[in-house]
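Asker: One structure follows; several queries about it will come next.
The values are calculated or read from the model by the stated rules, or taken from the named source; none is laboratory data. Just so it is clear, the structure is predicted and the values come from calculations on it, not from any experiment. Cβ sites come from the backbone with ideal geometry, for glycine too, and all protein chains shown count toward neighbours. Keep in mind that these areas ignore ligands, DNA and RNA; they rest on the heavy atoms of the full protein, side chains included. Shrake-Rupley method; radii C 1.70, N 1.55, O 1.52, S 1.80 Å.
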Amino acid sequence: MEPINEVVSVITPLDRKNVDTDQIISKEFLKRIERTGFGKYLFYHWRHNADGSEVQDFVLNDERFKGSKILVAQENFGCGSSREHAPWSILDYGFNVVIAPSYADIFYNNCMKNGLLPIKLTMSEVEELLANGQKDPYTVEVNLVEQTVTGQDGKSYSFEIDPYYKEMLLNGWDEISLTFQYEEQIANYEKQHQHT
């Protein structure tokens, strides 16, 4: 996983509530066994018409937001089934950060475990970001160490994050990497408890 410290990017304003994991990555694209390659299927049925052409007025198809690393959405983001493919597809598309007022618990934890930073801001703060982002491309700086989101106009918002997940994201660790931090102690333990 890539470490996350500071992310500076134009935001992608996805002004929708209750975005569920089937909308994030539809079930017909879950046949892959790798974690990569899911980005092209992110919000597939919102991004594409039935004939495969792009939906012109969908935010991810707007040239102004190409290369954006920060997705901003409304409350209850990631509800629905608990597929880990949802954060994989968001990351693979190029986002490092999602900002919303609230998340489904399993989705929120899956983000943390897969190197995607889900930030919770208040409803009014998110609406302010969405309004700014819909008016003109709006750049923000996310600083994980300081736990702040700062807009190009200097407006700053602070967010809470569990210290355990904060350390994992700052170091680019997943739970397996975390285990490797104790490799020496594990090896010593195994030596002392070998059956002869």
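Asker: Quick check: net charge around LEU170, other residues with Cβ under 12 Å of its Cβ, Lys/Arg +1 and Asp/Glu -1?
Answerer: Taking every Cβ under 12 Å from that of LEU170, the sum is -3.
Asker: Expressed as a rounded percentage, what relative contact order does the chain have, with Cα pairs under 8 Å and six or more residues apart?
Answerer: Relative contact order of the chain: 27 percent.
Asker: Here is a further query. If you keep only loop residues by DSSP, which trypsin sites (Lys or Arg not before Pro) in region 7-114 have at most 11 other Cβ atoms within 10 Å of their Cβ?
Answerer: Of the trypsin sites (Lys or Arg not before Pro), the ones in loops of region 7-114 whose Cβ has at most 11 other Cβ atoms within 10 Å are LYS31, LYS66.
Asker: How many angstrom separate the Cα center of region 98-173 from the Cα center of region 46-84?
Answerer: Between the Cα centre of region 98-173 and that of region 46-84, the gap is 17 Å.
Asker: Lysine pairs, Cα distance under 19 Å, 8 or more residues apart or cross-chain: how many in region 1-140?
Answerer: Lysine pairs, 8 or more places apart or on different chains, close enough: 9.
Asker: Another question, if that's okay. For a quick check: with amide H placed at 1.01 Å from N, whose amide H comes under 5 Å from HIS48's, ignoring anything fewer than 5 positions away on the same chain?
Answerer: VAL55
Asker: Considering only DSSP beta bridges whose two residues both sit in the chain, what percent are antiparallel, to the nearest 5?
Answerer: Restricted to the chain, the bridges split so that about 50 percent are antiparallel.
Asker: For region 68-169, what does the relative contact order come out to in percent, with C-alpha contacts under 8 Å and a separation of six or more?
Answerer: Rounded, it is 24 percent for region 68-169.
Asker: Return the sequence-ordered ³J(HN,Hα) values of region 119-135 in whole Hz as given by the Karplus equation 6.51 cos²θ - 1.76 cosθ + 1.60 applied to θ = phi - 60°, using x for Gly and Pro.
Answerer: 9, 9, 10, 5, 4, 5, 5, 5, 5, 5, 4, 4, 4, 4, x, 7, 5
Asker: Pop out the ³J(HN,Hα) list for region 60-66 in order, Karplus 6.51 cos²θ - 1.76 cosθ + 1.60 with θ = phi - 60°, rounded to Hz; leave Gly and Pro as x.
Answerer: So the J values, rounded to whole Hz, are 5, 8, 7, 3, 5, 10, 4.
Asker: Taking only the alpha-carbon atoms of the chain, what semi-axes of the equivalent ellipsoid follow from 5 times the gyration tensor eigenvalues under a square root, in whole Å, largest first?
Answerer: 32, 22, 13
Asker: Using modelled amide H (1.01 Å from N, peptide plane; none on Pro or chain starts), what sits under 5 Å from the amide H of TYR103, excluding residues fewer than 5 places away?
Answerer: ASN76, PHE77
Asker: Right, here's the next one. In whole Hz, with x marking every Gly and Pro, tabulate ³J(HN,Hα) for region 8-24 from phi via Karplus 6.51 cos²θ - 1.76 cosθ + 1.60, θ = phi - 60°.
Answerer: Calculated HN-Hα couplings, in order: 10, 6, 5, 8, 9, x, 9, 7, 9, 9, 6, 6, 9, 5, 6, 7, 5 Hz.
Asker: Determine the per residue accessible area of region 1-141 with all protein chains present and a 1.4 angstrom probe, expressed in square angstrom.
Answerer: With all protein chains present, region 1-141 gives 46 Å² per residue.
Asker: Given a 1.4 angstrom probe, I'd like the percentage of the accessible area of region 53-120 that is carbon and sulfur, rounded to a whole number.
Answerer: Roughly 44 percent, rounded to a whole number.
Asker: Taking amide H positions as placed 1.01 Å from N in the peptide plane, with prolines and chain starts having none, which residues 5 or more places from ILE4, or on another chain, fall under 5 Å of its amide H?
Answerer: Excluding prolines and chain starts, which carry no amide H, the hits are LEU170, ASN171, GLY172.
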